[in-house]
Structure formats: structure tokens, C-alpha cells
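The values are calculated or read from the model by the stated rules, or taken from the named source; none is laboratory data. Values in this document were obtained by computation on a predicted structure and should not be read as measured data. Neighbour counts run over all protein chains shown; Cβ positions are idealised from the backbone, glycine included.
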Amino acid sequence: MGRLYILMGKSATGKDTLYQCLTQDPELKLNRVIGYTTRPPREGEQDGREYRFVDQEMRRRLHESGSVIEERVYHTVYGDWYYFTADDGQIDLETGDYLMIGTLETYLSIRNRYGAEHVVPLYIEVEDGERLRRAIAREEKTGAPKYAEMCRRYLADDRDFSEERLREAGIVRRYRNRTIRECLAQLRDVIASKG
């Protein structure tokens, strides 16, 4: 049986960059799991690469078909944005290993669905000041910075990834992203050893 690795952490910890590097590593042979969202794409994002961008009607149809494994809603300054994982045939642990980006809730739901022996959390950490600097720099690169939403996410992450919630979820191993290269090496070692 394969493993399903879930890359998670607060915003601006480098998850997207790490995900791209890991899924492009030919030695790891990781299959990508693409989540769904109702939020609009950010500049540079493509449907089917970072997320499957869907409208509320498609979300409703997936719910009605029983395909939604887990879902979160964020009450943003731009309205409610839904993020979810659907059982759409992407995951087959009989055929290989998988990597996806998610939240703590994603991890818990996926672990409940596929079993703790097959689901491995990869929790990424970055010092809070550095994380804030990265978030601001990312917003400044967009055509229309959304600083209010960035601040909401930054503060929500402290609740969503509190030490108490991490303990309750059994997250003990953490990967410090001081540099992408260093963090990537640690993650590669864990995945290569089927950790």
C-alpha cells in the first residue's frame, strides 16, 4: 500500500514551493492530489494545477453525489470561500504514493478515511516574523494586493494551528523551513524512507 503525505502549515510557510519541488522529483514518484476551491484563482494560478476552481453549483453537485471527503469554509473579506477534497479517483493507494496540501482538518479527515498507517503529516514551520514578511512580499507581487485578507489568514492560522490542536491531532514532527533546500532535503528523506 502507498502513503498519502499531507503537506500543511500556516500561510506563507512555503508549502506551494515545496509541493512543486517534491512532485517534480523523479526519484520520489509522488502523484499529485489536487484540491477544490470556490475562491478565484490568484495571479499565476491555473485550474487543475494548484486547485480545481469550481463554482457553488459544482460544489453542490459534488456534495449531492457523496464525493466530498472533507471541506472547510473561510469567511473572508470577499465572502465565503470553500476548500475541499473530493473522492474523484485521484487517490488509489494500491498504485502509489501521493502528496497533497491541506489543513489540520484536511489531515484529520483524510486520516479517518484512509487510515493512520497510510497518511503521513508533513507540518512546515516558519518563524512568525519571517512568515509575515513573506506574506506581504507575496501580496505586493500581485496586481491588486489583498492586505485585509492576508491579515485575516495570518491571524486565523494561529488558531487553526495552535499548539493544543497540533497535539490533539498527534502532530509531533515538524519541518523548519529556514531555507527551501534544507527543508526539502528533510522531506525527501522522510518520503524516500516511506516514513
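General observations
- Filter result for residue 83 (more than 30 Å from residue 192 (Cα to Cα) and either outside the structural domain of residue 113 (by TED's automatic domain parsing) or at pLDDT below 95 (or both)): no
- Matching residues, region 139-195, being of a type in the set (S, T, N, Q) and either over 27 Å from residue 30 (Cα atoms) or in contact with a Ser or Thr (Cβ under 9 Å, 6 or more places away or on another chain) (or both): 142, 162, 177
- Residue under evaluation residue 43, criteria (1) within 19 Å of residue 159 (Cβ to Cβ); (2) out of contact with any strand residue (DSSP E or B) (no Cβ under 6 Å at 6 or more places or on another chain), criterion not met: (1)
- Once region 164-195 is narrowed to residues that are among the small types (Gly, Ala, Ser) and in contact (Cβ under 8 Å) with a residue 60 or more places away in the chain, the residue that is nearest to residue 105 (Cα to Cα) is 169.
- Put simply, of 52, 61 the only residue that is out of contact with any helix residue (DSSP H, G or I) (no Cβ under 7 Å at 6 or more places or on another chain), more than 21 Å from residue 153 (Cβ to Cβ) and among the charged types (D, E, K, R) is 61.
Conditions (1) under 22 Å from residue 39 (Cα atoms); (2) buried (at least 20 other Cβ atoms within 10 Å of the Cβ); (3) in contact with a Gly (Cβ under 7 Å, 6 or more places away or on another chain), marked per residue:
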| residue | (1), (2), (3) |
| --- | --- |
| 92 | no, no, no |
| 121 | no, yes, no |
| 128 | no, no, no |
| 140 | yes, no, no |
| 145 | yes, no, no |
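- The C-beta contact set for region 139-155 (first residue under 13 Å from residue 74 (Cβ atoms) and not assigned by TED's automatic domain parsing to the domain that holds residue 43, second residue of a type in the set (Ser, Thr, Tyr) and surrounded by 15 or more Cβ atoms within 10 Å (Cβ to Cβ), distance under 7 angstrom, 6+ apart or interchain) comprises 149/76; 152/76; 153/11; 154/11.
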